[in-house]
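**Student:** Take a look at the following structure, please.
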Amino acid sequence: MFRFAVKRNIRCNSALDQKSGAMINGQACGCVADFRYGLCRMSFNGCEVIAVHNALVWLGIPQKLADIAAYMERFRMLMGFFGCSPFKIGKALSHFGADYTKTKNPMQSSAYVVSFWTKRRFLSSIHTVFCVKTDAGTEVYNSSNRCTDVRIYEDIQQYIGTKKPIAVYALKNRNKDNTA
């Protein structure tokens with residue numbers, strides 16, 4: 001049954017039009033909400049897939065969202081109901097050509113993917129976002145389901161609070177020609 005769901009997701013996602021070179025914000029908005037991952041629509045559980053997509057766009061090696069979702073289906077938790085394992089995001093980044101270092105402290109990185117508990121540890125959902133440090137502050141992409149623009153915070157702690165990150169992937173070697 002689960003292989004059927006994966007094949008259905010690949011078929012459904014491939015039919016949807018998503019420009020591979022555009023950053024994604026607001027996973028419950030626009031055509032992204034109709035993409036599927038595991039047993040659900042990506043609006044419910046696709047933040048890890050979207051974070052990888054945004055990281056690849058920033059690195060200058062954009063990929064189609066459908067291709068990233070298809071690859072990451074192997075890392076879904078509880079048939080994708082709980083999204084993707086945050087500990088497997090590095091495998092997806094590597095698969096698509098991204099150079100990264102797994103770290104515990106996002107404050108030392110200029111661009112990174114971070115997963116964290118949204119409320120109480122093990123009693124709430126997790127969320128995964130792509131962040132970039134700029135002179136204006138830390139830009140957070142796909143900060144929430146309905147937020148369709150980039151949010152800027154003083155630093156990542158202002159966004160996630162006192163919560164300790166679950167996993168952090170610091171990106172390296174950005175394509176110098178990329179203007180994202």
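The values are calculated or read from the model by the stated rules, or taken from the named source; none is laboratory data. In this text, all values refer to a predicted model and were calculated from it rather than measured experimentally. In this analysis, Cβ positions are derived from the backbone assuming ideal geometry, glycine residues included, and neighbour counts consider all displayed protein chains. Only protein heavy atoms, including side chains, enter the accessible area calculation; ligands, DNA and RNA are left aside. Shrake-Rupley method; radii C 1.70, N 1.55, O 1.52, S 1.80 Å.
**Student:** Hey, among Ala66, Ala55, which residue is without any contact (Cβ under 8 Å) to a residue 60 or more places away in the chain, open to solvent by less than 50 Å² (accessible area, probe 1.4 Å) and either under 21 Å from Thr118 (Cβ atoms) or hydrophobic (A, V, I, L, M, F, W, C) (or both)?
**Tutor:** Ala66
**Student:** Tell me, which residue of the stretch 30-51 that is in a helix (DSSP H, G or I) and surrounded by fewer than 19 Cβ atoms within 10 Å (Cβ to Cβ) is nearest to the chain's Cα centre (by Cα)? Don't jump to the end; show me each part of the working.
**Tutor:** Narrowing the stretch 30-51 to residues in a helix (DSSP H, G or I): 30-34, 42-45, 47-51.
So of that shortlist, the ones also surrounded by fewer than 19 Cβ atoms within 10 Å (Cβ to Cβ) come out as 30-31, 33-34.
Numbers: Gly30: 16, Cys31: 16, Ala33: 14, Asp34: 16 Å.
My answer is Ala33.
**Student:** On to the next question. Go through the stretch 31-45 residue by residue and tally those that are at pLDDT 85 or above and of a type outside the set (Phe, Trp, Tyr).
**Tutor:** Looking only at that region, the number is 7.
**Student:** Among the residues of the stretch 20-58, which ones are touching a Lys or Arg at 6+ places or on another chain (Cβ under 9 Å) and among the basic types (Lys, Arg)?
**Tutor:** Arg36
**Student:** Is at least one residue of the stretch 13-29 surrounded by fewer than 19 Cβ atoms within 10 Å (Cβ to Cβ) and assigned to a helix (DSSP H, G or I)?
**Tutor:** Within the stretch 13-29 (the criterion being surrounded by fewer than 19 Cβ atoms within 10 Å (Cβ to Cβ) and assigned to a helix (DSSP H, G or I)), the answer is yes, since at least one residue qualifies.
**Student:** Specify the residue that is modelled with the lowest pLDDT; the eligible residues are those in the stretch 100-123 that are outside any loop (DSSP other than H, G, I, E, B) and not hydrophobic (A, V, I, L, M, F, W, C). Before you say what the answer is, go through the steps one by one.
**Tutor:** Step one: list which residues in the stretch 100-123 are outside any loop (DSSP other than H, G, I, E, B), which gives 100-103, 106-108, 111-117.
If we keep only those that are not hydrophobic (A, V, I, L, M, F, W, C) as well, we get 100-103, 106, 108, 112, 115.
Numbers: Tyr100: 96, Thr101: 95, Lys102: 96, Thr103: 94, Pro106: 89, Gln108: 84, Tyr112: 97, Ser115: 94.
Applying the filter and picking the extreme gives Gln108.
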